[in-house]
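**Student:** Questions regarding the structure given below will be posed in turn.
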Amino acid sequence: MNYIVFDLEWNQSSERYNKEYGLPFEIIEIGAVKLNRWFKEVDKYEVVIKPQIYHYIHFMTNKIVNLTMEDLENGKPFPEAMEEFLEWCGKDYVFCIWGNSDITELQRNMMYYGMDMLSQGPLLYYDIQKFFSLSYEDGKIRRALEYAVDYLDIEKDIPFHRAYDDAYYTAKVFKKINSFKPRIKKYVSYDIFITPPTKKDEINVNFKTYSKYISREFPDKNKAIEDKDVCSTKCYLCGRSAQQQIKWFSVNGKHYYCIAYCKKHGYLKGKIRMKKTDSDSVYVVKTLKLVPKETAMEIADKQEKLRLQRMEKRKAKRDKA
């Protein structure tokens, strides 16, 4: 298996309101490095893409990326470049990117041009930015690529901010991280541009410190929160059902929390994020994580404050009537 470490540059509308809602970001460059299973660089790929939608470079793109409209007009059409890129990738590979946006925008551009999607559901990939945080920091903070290059004392022998350049440095960082923590690759990520089409395609994955569940689509959030799999709370360490001491409650209609208790491992904090699709249906990303009793009490306090606030609002509404 190979690692395809890639980076994209994209352009967007120069107008305040984007008229092309189907494609807010048009890819203008793809750069990639191919690493073999031993993390040796075996090939590279770079292509400039001729724009079909936005024919003026946005001021932020122009500020960061050293590309002119003349460069772009001499590029390849996106479908041709994408087919060439996928052929270059081969058959047995995993995508690796810095952050979590490039694969989503790659698939959005593919869909815009009517191309076959990369997968029929969530696409597994490696987020090297997340790997860096998990390996050297708290796992939550997200650093810029150049910060990681400096932190790991990697030589800066080419510039930044072109697609191939950033892919090149991302590959260098990934190689260093793998040497330090080779098991970090267990912390896979999933791009959810395409949601699980059916129940059997839903994602359930357990990591060392938390579990993640990605649901199929539901017509609305009420239907989602009623689903037994969405609401279930299993301990990711032993697989047993954990009894909910604080049932799921919503903070803002998008985020839901609960506290469950595993007799063997203790308190689990559950978090549900309701995500909307382009078709206005919803899907759920649920995480469960072991927490100390103090955190469980904080969640209980949050629920009680929300209950009192809602009571006060209802009372004020009755008094006004």
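**Student:** Specify which of the listed residues (256, 283) is part of a strand (DSSP E or B) and in contact with a helix residue (DSSP H, G or I) (Cβ under 7 Å, 6 or more places away or on another chain).
**Tutor:** Being part of a strand (DSSP E or B) and in contact with a helix residue (DSSP H, G or I) (Cβ under 7 Å, 6 or more places away or on another chain) holds for just one of 256, 283, which is 256.
**Student:** Any chance you could count how many residues in segment 250-287 are among the hydrophobic types (A, V, I, L, M, F, W, C) and either more than 16 Å from the chain's Cα centre (by Cα) or outside the structural domain of residue 236 (by TED's automatic domain parsing) (or both)?
**Tutor:** Final tally of qualifying residues: 7.
**Student:** Any chance you could count how many residues in segment 189-235 are closer than 28 Å to residue 117 by Cα, of a type in the set (Ser, Thr, Tyr) and more than 16 Å from the chain's Cα centre (by Cα)?
**Tutor:** Counting residues in segment 189-235 that are closer than 28 Å to residue 117 by Cα, of a type in the set (Ser, Thr, Tyr) and more than 16 Å from the chain's Cα centre (by Cα) gives 1.
**Student:** Moving to a separate point now. Could you tell me which of the residues 176, 208, 212, 140 is within 28 Å of residue 2 (Cβ to Cβ) and at pLDDT below 95?
**Tutor:** 208
**Student:** Just to check your reading of the model, which residue among 42, 5 is surrounded by 23 or more Cβ atoms within 10 Å (Cβ to Cβ), at pLDDT 90 or above and within 21 Å of residue 179 (Cα to Cα)?
**Tutor:** 5
**Student:** Return the pair list, or none, for Cβ contacts closer than 8 Å from residues in segment 266-293 that are free of Cβ contacts under 8 Å to residues at least 12 places away in the same chain to residues that are surrounded by fewer than 16 Cβ atoms within 10 Å (Cβ to Cβ) and in a loop (DSSP other than H, G, I, E, B), at least 6 apart or on different chains.
**Tutor:** none
**Student:** May I pose another question? Tell me which helices (runs of 4 or more DSSP H) are completely within segment 50-109 and hold 1 or more residues being at pLDDT 95 or above and either touching a strand residue (DSSP E or B) at 6+ places or on another chain (Cβ under 6 Å) or more than 23 Å from residue 160 (Cα to Cα) (or both), or say none if there are none.
**Tutor:** 78-89
**Student:** Something else about it: So which of 231, 238 ends up being closer than 29 Å to residue 186 by Cβ and either surrounded by 14 or more Cβ atoms within 10 Å (Cβ to Cβ) or acidic (Asp, Glu) (or both)?
**Tutor:** Exactly one residue qualifies, and that residue is 231.
Quick grid of which residues meet (1) touching a helix residue (DSSP H, G or I) at 6+ places or on another chain (Cβ under 8 Å); (2) touching a residue at least 40 places away in the same chain (Cβ under 8 Å):
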position: 107; (1), (2): no, yes
position: 123; (1), (2): yes, yes
position: 130; (1), (2): no, yes
position: 137; (1), (2): no, no
position: 157; (1), (2): no, no
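**Student:** Return yes when residue 290 is within 23 Å of the chain's Cα centre (by Cα) and under 23 Å from residue 205 (Cβ atoms) and no when it is not.
**Tutor:** So residue 290 passes the test.
The values are calculated or read from the model by the stated rules, or taken from the named source; none is laboratory data. Since the model is a prediction, treat every value here as computed from it, not as a measurement. Here Cβ is always computed from backbone atoms with ideal geometry, including for glycine, and neighbour counts include all displayed protein chains.
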